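The values are calculated or read from the model by the stated rules, or taken from the named source; none is laboratory data. Here the structure is a predicted model, which means the values were calculated and not measured. Please note: Cβ atoms are built from the backbone with ideal geometry, for glycine as well, and neighbour counts cover all protein chains shown.
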Amino acid sequence: MSNSTVRFLKAIAGLAVVLVLLVTVMNWWGDYRKAASSVASNATTSTADASSNDATDTAANQGTAVVLIEGLNFRKEPDTGSVTIRGLKKGEKLVVVASKPDWYQVKDSKNAVGWIAAKSQYVRIEK
């Protein structure tokens, strides 16, 4: 084989590798975008009922929950296996609607109601 043929074949192989990588990254990006839009649409449609009968304490406002970590799960139900409505931002403030052992039912600034873990490393309650 001549030198120019070898260079041509190497160029074709390099283009094929780049094409495969591009397709792979685009598929990952599409999956990420689809998941992100799914979580965003759930935030407006998947809110728990603020007057839930299984909440043990249903005082209208028990205080304000201040999120202490980035990405705290805001869930539909008080269970770690429950659907995540969205991740909360560090410093975000939520109105505490009710509580159960290990969980607070809260309302965010857009009036979405959900549950967060009631652990002191995740959230601080201000009266």
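Residues in the range 98-110 that are surrounded by 15 or more Cβ atoms within 10 Å (Cβ to Cβ) and closer than 13 Å to ASP79 by Cβ: 3 in all.
Residues checked against (1) β-branched (Val, Ile, Thr); (2) exposed (fewer than 15 other Cβ atoms within 10 Å of the Cβ); (3) within 13 Å of the chain's Cα centre (by Cα):
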{"residue": "VAL67", "(1), (2), (3)": "yes, no, no"}
{"residue": "PHE74", "(1), (2), (3)": "no, no, yes"}
{"residue": "ASP79", "(1), (2), (3)": "no, yes, no"}
{"residue": "SER82", "(1), (2), (3)": "no, no, yes"}
{"residue": "GLU92", "(1), (2), (3)": "no, no, no"}
{"residue": "VAL96", "(1), (2), (3)": "yes, no, no"}
{"residue": "ALA112", "(1), (2), (3)": "no, no, no"}
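Within the range 47-61, at least one residue is part of a strand (DSSP E or B) and at pLDDT below 90. Each residue in the range 2-46 was checked for being assigned to a helix (DSSP H, G or I), modelled with pLDDT under 80 and of a type in the set (Gly, Ala, Ser), and 8 of them qualify. Contact map, the range 61-83: residues that are farther than 18 Å from VAL95 by Cβ paired with residues that are not basic (Lys, Arg), Cβ distance under 6 Å, separation 6+ or inter-chain. Pairs shown: ILE69/TYR122; GLY71/GLY87.
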